[in-house]
Amino acid sequence: MTTMEPRDASPMAPGKRKRTDSSALDAQGRPLDRLERSEGEIPVENASEEQEIEGKGDKARGNDEESSVATRGERVEGQEPQVTRAEDYQIEGMRFATDCWHGRKDTNEDRHVQVLDQFPGPVFGVYDGHGGVITVEYLVKHLVKNAVSAVKQRVNAKTTEAIKRTRAESVNELRRQQHLQAQALACRQQLKQIESLIASSGASSDELVALKRQLSQTVREIEANVDQIATDEVKRDKKLAQLWEDASISLHKAFTEAFQRTDGQILQTNFSRDGSTAVLVWFMGHKSSALRFYTLNLGDSRAVLCRGGNAIPITRDHKPNLPDEKQRILQVGGFVGVFNGVPRVYSAAGAGLTVQPEAATYLAVSRAFGDRSLKIPAPCVSSEPEIKSYQVHEDDLLIVIATDGVWDVLTNQDAVDIALHLFDDSKAAAEAIVKEAYRRGSHDNITATVIHFGWKRDRVQQLTREVLAREAARLRALQANGSNGETGREAEEEVDMFSL
């Protein structure tokens, strides 16, 4: 996060990717000093091995057929493993991975978290520390835990139990429906065999006719049960939607309290001047057709949604020069100015109005955890999260969550395009985003989490065909006009990351 002194970044032509000296790369194109990489946040003997999903025999490579949830990325040295898993809160078909790297910095102050076994549902987050790691390490251990506790306190117990009970009924009934559908299929196959026997013999025996009648009746009864489950499921969906709506205000308050309580705990125990951003994406629901999520953020780490191939930011970067942020800062006695082209929030000392050197500080974000000198005595930097809720739409395909080590050099669309191109491999997608940010000259720590909605694979394939068709039409038009179809930007491109 660009919160301290500006860094000396070499200029680069827009859209031109920096070529890295091949002698400094390993066989996979990674710099040889990339020592912190490991697989996932799960403690394993061999971190490069695929992680098996608890209770599932198939390894979690992320294929749609496996309907599994897996986490991949880097376990930062010194960071506690934060991944937990439970069948009850698994979202079938969701795949995700995280890649976290120190980049061109000597140390890594970025952290990430995934928790899957707590109400109200799976949560994914990235934290971008600055000035040290005390605050960011505290967030890894306590922020989600405090939020879960606040939700339990704030959301009515009856509502919580009703959500859990209705959800459990839905899961069990949908499994029963799948079992019944398999039975119906087997019965239909037997019916075809009986009909073939009758046709081949030229005559129907009483036993075959009776068996055919019995199987036909069984199929009708099974289909009736399947239809009834579907009807009941529609009612359960409506009930759950209303329950979540009823809980929305309480959830909003709980999340806000958790962020502010966590920040208060940090300020009470941490007397250093370090701090951290945070962005969480918290899913609620158990199936793709009725899925919603909340975003909670402080600072300039960002979450971006891919809808129909287009990038949509679902969080807002908290910069001091935003009108509402600037107004709040000025009201509490802080100052906003520009230092080396970067808008920053200042304390009184930073603005030159006090001789207390220990109070002098500035920051390039207007909301963050920690940053004691910008909160005491005047809360120039806020710990109140910006919270938004979303319903997953039919055309929503994936989410990218990343620190500003990514967003400083990649556009929202850049990151989404990479993740979409590697839709079948979340691990490769997260690594590709981090690698591309590095190649484009990022001087910060670099962390990216990619969440793929695996049930949208058919839509992604359709979208890919449409894009290829448009590109083919464009090239034909250019060739008809005597051009070879190569644009200026493509001509100067030195590295194609997807061929590395």
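Every number here is computed from the coordinates shown, using simple stated rules; none is lab data. The structure displayed is predicted, hence computed values, not measured ones. All Cβ positions, even for glycine, are placed from backbone atoms using ideal geometry, and neighbour counts span all protein chains on display.
List of remarks:
- In this structure the amide hydrogen of Gly103, modeled in the peptide plane, comes within under 5 Å of the amide hydrogens of Ile446, none closer than 5 places in sequence on its chain.
- Charge tally in the Cβ shell below 14 Å around Glu233, where Lys, Arg are +1 and Asp, Glu are -1, Glu233 excluded: +3
- Close amide-amide hydrogen proximity is noted between Ser382 and Arg367, Ala368, each under 5 Å apart and 5 or more residues distant or on a separate chain (H modeled in the peptide plane; Pro and chain starts excluded).
- Karplus (6.51, -1.76, 1.60) ³J(HN,Hα), θ = phi - 60°, over segment 328-342, in Hz, Gly and Pro reported as x: 5, 4, 5, 5, 8, x, x, 9, 10, x, 10, 10, 6, x, 10
- Shape of segment 359-418, Cα gyration tensor, a/c cut at 1.5: oblate
- Semi-axis lengths, largest first, of the ellipsoid equivalent to segment 208-317 are 50, 17, 12 Å, with √(5λ) applied to each eigenvalue of the Cα gyration tensor.
- Under the Karplus curve 6.51 cos²θ - 1.76 cosθ + 1.60, θ = phi - 60°, whole-Hz ³J(HN,Hα) for segment 94-100, x wherever Gly or Pro sits: 7, 10, 8, 7, 10, 10, 9
- Segment 399-421 and segment 106-148: distance between their alpha carbon centers, rounded to Å: 20 Å
- Counting neighbouring beta carbons within 10 Å and listing from fewest to most, the residues Asp408, Asp237, Asp110 come out as Asp237, Asp408, Asp110.
- Distant-in-sequence amide H partners of Met94 (H built 1.01 Å from N, under 5 Å): Gly454
- Vicinal HN-Hα couplings computed from phi for segment 240-249 (Karplus, 6.51 cos²θ - 1.76 cosθ + 1.60; Hz; Gly/Pro x): 5, 4, 5, 5, 5, 5, 4, 8, 4, 5
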